[in-house]
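The values are calculated or read from the model by the stated rules, or taken from the named source; none is laboratory data. Keep in mind the model is a prediction, meaning the values are calculated, not measured. Note: ideal-geometry Cβ built from the backbone for every residue, glycine included; neighbour counts use all protein chains shown.
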Amino acid sequence: MNERRPVALTKGPGETPHEFTMISPDRDQALKIGEFITYTAHVNGYEQVILASVTQRRALRLYPDDFLIDPGIDPDQMAALLGYDQPEHDLFELTATVIGYYDPDLGDFVNPRLPPRTGYPIYLAADEELAGVLTKKQLGEVGSAHIGSLLLREPNRVPIVLDLRAIASTHLAIIANTGAGKSYLAAVLVEEMMKPYNRAAVLVVDPHGEYDTLAEMVEHGAFAAGTYHPEVKVFRPGEVKIRASALTPDDLCYLLPELSERMEYLLRRAYRDVRQQSWDERGNAERWTRADLQSHLQRLGKGSKEEREEGGRYASTAEALLWRLRSVLERSVIFDDAKHLDLDELFRPGRCSVLQLNDVDEREQQVMVATLLRRLLHARTQTVKERVKKGNDLYLPYPVFVLIEEAHRFAPVAGNAVSTGVLKQVQAEGRKFGVVTGLVSQRPGKLDPDVLSQCGTQFILRIVNPLDQNRVAESVETVGRELLKELPALTKGQVIIAGEAVNTPILCRVRARHTRHGAETPDAPAEWMQYFAQP
Amino acid sequence: MLIGKIVKSNSHTDYVCQVYGSGEVAQPPAREDYGFGTFVRIELDKYRWLVGIIYDTQLVNPDFGRLGPRLSPQSELAVFSPDYLNEKATLVGIAAIGAMSTAGQVFQGVPDLATSADALVEWMTEDQVRAFHQRNPALQLAYAPLLLAQGSPLALHLLRKVVGRLVAFFPEHTAMLSVLRANLEWKAQVGPLGGAL
């Protein structure tokens, strides 16, 4: 490696213990912000190639402002007029942060804790060198996810291959502005999970109905190996039901807006009574129907004989509550008296289920996700602890991945969404039981900070809003401040990846999808013109 | 046209020339020939010259400050002591800013060689000035930093004058020279009054 031409010489230590400065004319303009460089140093008696990344770049030689008065005059010509005839005049002071030398046994970088001495030659890290150390997996390996290539190098020169095992143990978050490519990236990730070398059990919670193009994976050659073909099952709104009796009293209160204290009291009492009746009659507290609940409410509304003579103590309250209950539970397409989330149908290795929730009320979406996650965690807990056996509807003998689009809807920073608590619980406990979540959000500022900070792997695309940038900076510790400054400058399909799945934060160019993108922005002007073009 | 001869130097690039007076040469120079900012060439040998620019003028008058009585009136001195009258002289300061030769070689900057006392100083023609600044296809003014570095209070004004003359000589380079002139004008005229440089 040292046969290569050095691109800079070290100047001295930087402001922090892990930084150093270097001087370079950088004639090839190779030392971009975020670029990886190496130097060789002796650490504990061994020569080690130490990786660092460029974090700042400052020009040392600048033309005087006076040379720049006339935009039509090249300042180089002005310098030549005044006798400066050197072909190159640029000189830069660059700051770099030491990442460390790669320890193959450890599978990670070890910081030498010593900045390089003055005058050390600095080399641009070779593509092959980077491919071997930046990420933990190699292309095509079991548990690998080929997301794209290193942004600062030629496309596909340094593939970025994530470690799915690390993601599966710490959850992930994809954060970006609208139009920055977050759904595209999420789909790439799902594609990788469905590749023959992973065959994951994936569920995509899709509030906008834009992931159905993933179905193309079934026929696509990139996903076929031997007899394996991934399955993709798209559940349209209403095709997946929640049994009403699986709802908690909190779920019900959340679904019925603006309940008075009397209404809530009555509802909780009716709920308790209906469960008791179900237990007494069917041996299971969760075998009641919506009609049962309503009849209990009606009975409570009528009250005792004395209360009836007084016109019914809770009559009007019960009437109002019944009206709300009917308008939510009867009208909704997601609640049913018998059918309930069939986990075996939703989750199966090699199957990607897309749960479309467009046309579903936002509160119902939240209840749906809360119920789903609650049941999922319960099933996995019971299965791992061997409390249920094959044949039981809670038996789920493999880890699952749940990708949640528009995650700020399900764990908003403000309000009391029922799904927030469940999501937090899944993030805290799911890791042990193989329930992994991937959160996709365009408004990290509106996403619960605890939920965001629990995601051990972060994919951050372009973010312009300062509030959202601050939330990312607060919640995502693994990305350096310098790299976060890149956020507004990223373009579509460029992503910062940090956390457990990579060895160091990386600027990545997302690879092209195998399947079509389902969330293309409509071309409104073209459609308006088309209206007039019609005969 | 001869202007005078070198009588002393203050440094490698700073020469003093005594301007020919009446009777010293057949056609003594007029005031316009040794004005501020005039390009001159100083003889090195038969084929080479230093190129200089007049940046200062001093008048020498031995009679000034003499408080003693005069032996004869001023009008009679011309008759009885004409040499005494000739001791009055005009000295011009010349900054050496380069060199050129009969072979057409031109160098701008600190010259390698120094001239000698009594070297002849000659007014440069328009063609010679043009040749000194021409660097095909561009123009060169590499001595500008040298003039500014001398620290003379008149340096900015001298350079303004030079650039003004070059605009006339090289109209094709007006745009570039205008950038330089605009900066010099600002620094010379507005800078001293508090304009931010």
| task | Take the residues in the stretch A:78-113 that are aromatic (Phe, Trp, Tyr) and in a strand (DSSP E or B), then tell me which one is farthest from the other protein chains (Cβ to nearest Cβ). | result | A:Tyr102
| message | Given the criteria outside any strand (DSSP E or B), away from chain A (no Cβ under 11 Å) and aliphatic (A, V, I, L, M), does B:Val129 qualify? | response | yes
| Among residues of the stretch A:504-535, those that are modelled with pLDDT of 85 or more, surrounded by fewer than 20 Cβ atoms within 10 Å (Cβ to Cβ) and polar (S, T, N, Q), counted | 1
| request: State whether one or more residues within the stretch A:355-372 are touching an Asp or Glu at 6+ places or on another chain (Cβ under 6 Å) and under 14 Å from A:Ala173 (Cβ atoms). | output: no
| note | The one condition A:Thr178 fails out of (1) modelled with pLDDT of 85 or more; (2) outside any helix (DSSP H, G or I) is (1)
| request: Scan the stretch B:181-193 and report the pairs whose first residue is at the interface with chain A (Cβ under 10 Å from one of its Cβ atoms) and in a helix (DSSP H, G or I) and whose second residue is surrounded by 15 or more Cβ atoms within 10 Å (Cβ to Cβ) and modelled with pLDDT of 90 or more, with Cβ atoms within less than 7 Å and a gap of 6+ or a chain change. | output: B:Leu184/B:Leu156; B:Leu184/B:Leu159; B:Leu184/B:Arg160; B:Leu184/B:Val163; B:Lys187/B:Leu156
| field | Those residues of the stretch A:46-64 which are among the hydrophobic types (A, V, I, L, M, F, W, C) and more than 40 Å from the chain's Cα centre (by Cα), in sequence order | value | A:Leu60, A:Leu62
| request: Could you tell me whether any residue of the stretch A:469-476 is on the phi < 0 side of the Ramachandran plot, in a helix (DSSP H, G or I) and among the β-branched types (Val, Ile, Thr)? | output: yes
| message | Quick check on the stretch A:142-156. Is at least one of its residues within 22 Å of A:Tyr46 (Cβ to Cβ), over 22 Å from the mean Cα position of the chain (by Cα) and touching a residue at least 40 places away in the same chain (Cβ under 8 Å)? | response | no
| query | of a type outside the set (A, V, I, L, M, F, W, C), outside any loop (DSSP other than H, G, I, E, B), crowded, with 17+ Cβ neighbours inside 10 Å and at pLDDT 90 or above, is that true of A:Arg268? | reply | no
| message | Every residue in the stretch A:222-248 that is farther than 26 Å from A:Ala338 by Cα and either part of a loop (DSSP other than H, G, I, E, B) or polar (S, T, N, Q) (or both), please. | response | A:Ala224, A:Gly226, A:Thr227, A:His229, A:Pro230
| said: Condition first: buried (at least 24 other Cβ atoms within 10 Å of the Cβ) and more than 20 Å from A:Val472 (Cβ to Cβ). Now tell me which residues in the stretch A:169-187 satisfy that. | reply: A:Ala187
| Does A:Arg61 satisfy the criteria of being in contact (Cβ under 8 Å) with a residue 24 or more places away in the chain, within 26 Å of A:Val158 (Cβ to Cβ) and charged (D, E, K, R)? | no
| message | Out of everything in the stretch B:148-172 that is surrounded by 19 or more Cβ atoms within 10 Å (Cβ to Cβ) and within 11 Å of another protein chain (Cβ to nearest Cβ), what residue ends up being nearest to the chain's Cα centre (by Cα)? | response | B:Leu159
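So that you can scan it fast, the table gives a plain yes or no per residue for (1) out of contact with any strand residue (DSSP E or B) (no Cβ under 6 Å at 6 or more places or on another chain); (2) under 27 Å from B:Ala103 (Cα atoms); (3) free of Cβ contacts under 8 Å to residues at least 60 places away in the same chain; (4) loosely packed, with under 12 Cβ neighbours inside 10 Å:
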{"position": "B:Ile42", "(1), (2), (3), (4)": "no, yes, no, no"}
{"position": "B:Lys46", "(1), (2), (3), (4)": "yes, yes, yes, yes"}
{"position": "B:Asp63", "(1), (2), (3), (4)": "yes, no, yes, no"}
{"position": "B:Ala89", "(1), (2), (3), (4)": "no, no, no, no"}
| Condition check for A:Thr118: touching a helix residue (DSSP H, G or I) at 6+ places or on another chain (Cβ under 9 Å) and either buried (at least 18 other Cβ atoms within 10 Å of the Cβ) or over 30 Å from B:Leu177 (Cα atoms) (or both) | no
| field | Positions within the stretch A:34-77 being within 14 Å of another protein chain (Cβ to nearest Cβ) and either in contact with a strand residue (DSSP E or B) (Cβ under 8 Å, 6 or more places away or on another chain) or under 18 Å from A:His18 (Cβ atoms) (or both), in sequence order | value | A:Gln77
